[in-house]
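First comes the structure, then the notes that go with it.
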Amino acid sequence: MGIQFLATGSYLPGDVVTNEDLAQFLDTSDEWITTRTGIKTRHIAKGETTSDLAVEAARAALSGSGLDPEQIGLVICATVSPDISVPMIAAKVKRALGIENAAAFDLNANCSSFVYTTTTAYSLMQTCGYEYALVVGADTNSQIVDWTDRATCVLFGDGAGAAVLAKTDAPGILATHLDCIIDREDALHCANKLHKTPFFDPDTVETLRERPDKIQMKGSKVMKFAIRAFTESAKIVTQKAGVQIADIKAIVPHQANFRILTSAAKSLGVPLERFCVNIDRVANTSAGSVPTALDEAVRSGVIQRGDLVLLAAFGGGLSSGAVLLEW
Ligand code: ACO
């Protein structure tokens with residue numbers, strides 16, 4: 001018995017924002033963004049929320065699976081930028097799609113979320129008997145970036161991806177690995193706003209008043225961690241599964257910076273062509289990053305049944321992880 005990806009789906013909100021559009025209000029240029037990151041455009045939501053994006057990506061994956069909504073036993077949604085916390089986004093997805101008989105919860109491992117979600121679903125399917133699970137990663141990073149900080153806001157976009165996992169006779173998922181090292185230098189940080197209550201005013205405490213509620217990032221520190229964590233995760237899952245990295249047909253990475261991908265490809269000794277890349281068009285969509293790239297690779301025929309596929313991600317925390325599977 002294996003746990004296999006049955007279908008994928010994704011959703012990007014309608015408005016495409018180019019580097020030139022950003023240069024209208026930021027001291028930046030298409031040349032700087034393209035050469036430093038590989039990003040040309042990103043989708044930015046106008047009125048659509050993270051949970052709206054999650055519903056549409058989940059709808060596409062469920063439709064592709066050919067399953068009835070009642071067959072799904074587990075729904076897990078991952079996000080860094082939830083628009084709702086009660087109910088959780090997974091409950092909104094259940095309700096929108098008429099998934100009556102499923103356990104549901106949200107999960108946040110920042111940009112590593114989709115490998116965490118997939119690993120969690122994989123484990124619960126093995127231990128709790130679920131036949132089918134729906135996993136979703138969605139983010140509206142446009143809500144949590146500081147649009148005056150040119151070093152971070154140009155990197156992010158909005159988007160969502162999803163997948164239906166199924167118990168099958170095929171091998172499916174072969175190995176998983178999750179990690180999180182302590183971020184002692186606050187390389188990636190974003191706090192939720194604290195509200196005044198009848199008992200306490202956060203504005204009376206300087207450290208609370210000045211807590212940044214938009215993403216703050218020490219880019220070069222994150223980049224060094226990302227390359228190391230990506231490479232290590234890939235090596236660990238291939239060792240666990242007893243396969244060679246050279247045999248992997250497609251690597252679906254977290255899309256944070258094209259330079260991270262070229263460095264990771266070099267240190268793994270894998271041709272860059274094996275990497276499924278959409279960062280040029282969608283930028284970093286956090287929890288949506290791996291599943292949108294995966295959906296694109298599946299729909300375009302780059303990934304075929306029987307292929308060895310690696311999903312690998314890293315992000316705030318500092319979290320990282322990988323999933324190795326036979327598609
Ligand atoms: N346009 C023009 N100039 C800029 C911009 C911009 N958008 N942003 C920064 N610069 C300037 C800086 O001010 C600096 O100028 P200075 O030399 O006069 O001080 C110069 O460009 C170089 O800046 P660096 O930060 O050294 O540039 P670097 O080559 O490191 O690239 C970047 C910065 C793109 C942020 C890179 O460090 C990176 O991608 N890091 C990893 C990001 C990442 O992986 N994030 C994951 C997030 S996952 C999650 O969980 C949220």
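The values are calculated or read from the model by the stated rules, or taken from the named source; none is laboratory data. Note that this is a predicted model, so its numbers are computed, not measured. A quick note on method: Cβ atoms are made from the backbone with ideal geometry, for glycine too, and the neighbour counts reach across all protein chains shown. Please note that ligands, DNA and RNA were not included when accessible areas were found on the heavy atoms of the full protein model with its side chains. Shrake-Rupley method; radii C 1.70, N 1.55, O 1.52, S 1.80 Å.
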The range 2-170 - percent of accessible surface contributed by carbon and sulfur, probe 1.4 Å: 49
FRET E, pair Trp32, Lys196, Förster distance 56 Å, beta-carbon r, rounded to 0.05: 0.90
Residues with amide H under 5 Å from that of Val75, placed H, sequence gap 5 or more: Ala103, Ala104, Phe105, Leu134
Candidate lysines for bridging to Lys193, where Cα separation is under 26 Å - those fewer than 8 sequence places away on the same chain excluded: Lys46, Lys92, Lys214, Lys218, Lys221
Inter-probe distance in nm under a simple model that places probes 7 Å from Cα toward Cβ, at Val205 and Lys224: 3.2
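Provide the net charge surrounding Thr18, with neighbours chosen by a C-beta distance below 14 Å and charges set as Lys +1, Arg +1, Asp -1, Glu -1.
-3
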Scaled radius of gyration (Cα, divided by 2.2 N^0.38 Å) that the chain gives: 0.96
Ellipticity estimate at 222 nm from DSSP helix runs (n ≥ 4, -39,500 (n - 2.57)) divided over the chain, nearest 500: -10000 deg cm²/dmol
Within a Gaussian network of the chain (alpha carbon springs, distance under 10 Å), most fluctuating of Gly316, Gly64, Gly38: Gly64
Choice from Glu185, Glu70, Glu48 showing the highest fluctuation, given a GNM over the chain with Cα pairs closer than 10 Å: Glu185
Magnitude of the charge dipole, the range 2-170, Cβ model with Lys/Arg +1 and Asp/Glu -1, debye to 20: 340
The range 164-315: C-alpha gyration tensor shape, a/c 1.5 cut-off, then a/b vs b/c: prolate
Amide hydrogen neighbours beyond the local backbone of Ile251, cut-off 5 Å, H modeled: Phe275, Cys276, Leu310
Euclidean distance of C-alpha centroids, the range 208-285 and the range 80-145, integer Å: 22
Whole-Hz ³J(HN,Hα) from phi, Karplus 6.51 cos²θ - 1.76 cosθ + 1.60, for the range 314-327, glycine and proline x: 7, x, x, x, 9, 8, 7, x, 8, 10, 10, 8, 9, 5
Equivalent ellipsoid semi-axes - Cα gyration tensor, the range 2-170, angstrom: 33, 15, 13
Cα-projected label distance for Asp146 with Asp15, points at 7 Å along beta-carbon direction, nm: 2.2
For a label point 7 Å along the Cα-to-beta-carbon line of Glu185, residues of the range 285-327 with backbone N under 16 Å: 315-319
Accessible area expressed per residue, the chain, with surrounding protein chains retained (probe 1.4 Å, Å²): 43
Burial ranking of peptide ranges 10-16, 77-83, 142-148 (average Cβ count within 10 Å, highest at the top): 77-83, 10-16, 142-148
Cut-off under 5 Å, modelled amide H: who pairs with Gly2 long-range: Thr168, Asp169, Ala170
For the range 122-227, with +1 on Lys and Arg beta carbons and -1 on Asp and Glu, the positive-most of Ile144, Val164, Cys128 along the dipole: Ile144
Unit charges on C-beta of K, R, D, E only; dipole of the range 58-145, Debye: 100
The range 39-65 residues near the modelled Asp307 label - backbone nitrogen below 12 Å, point 7 Å along Cα→Cβ: none
For the range 171-180, 3J(HN,Hα) per residue [Karplus equation, 6.51 cos²θ - 1.76 cosθ + 1.60, θ = phi - 60°, Hz, x = Gly/Pro]: x, x, 5, 9, 7, 9, 8, 10, 8, 7
The range 251-327 shape via C-alpha gyration tensor axes, a/c threshold 1.5: rounded
Sorted peptide list for 128-138, 228-238, criterion being average Cβ within 10 angstrom, highest first: 128-138, 228-238
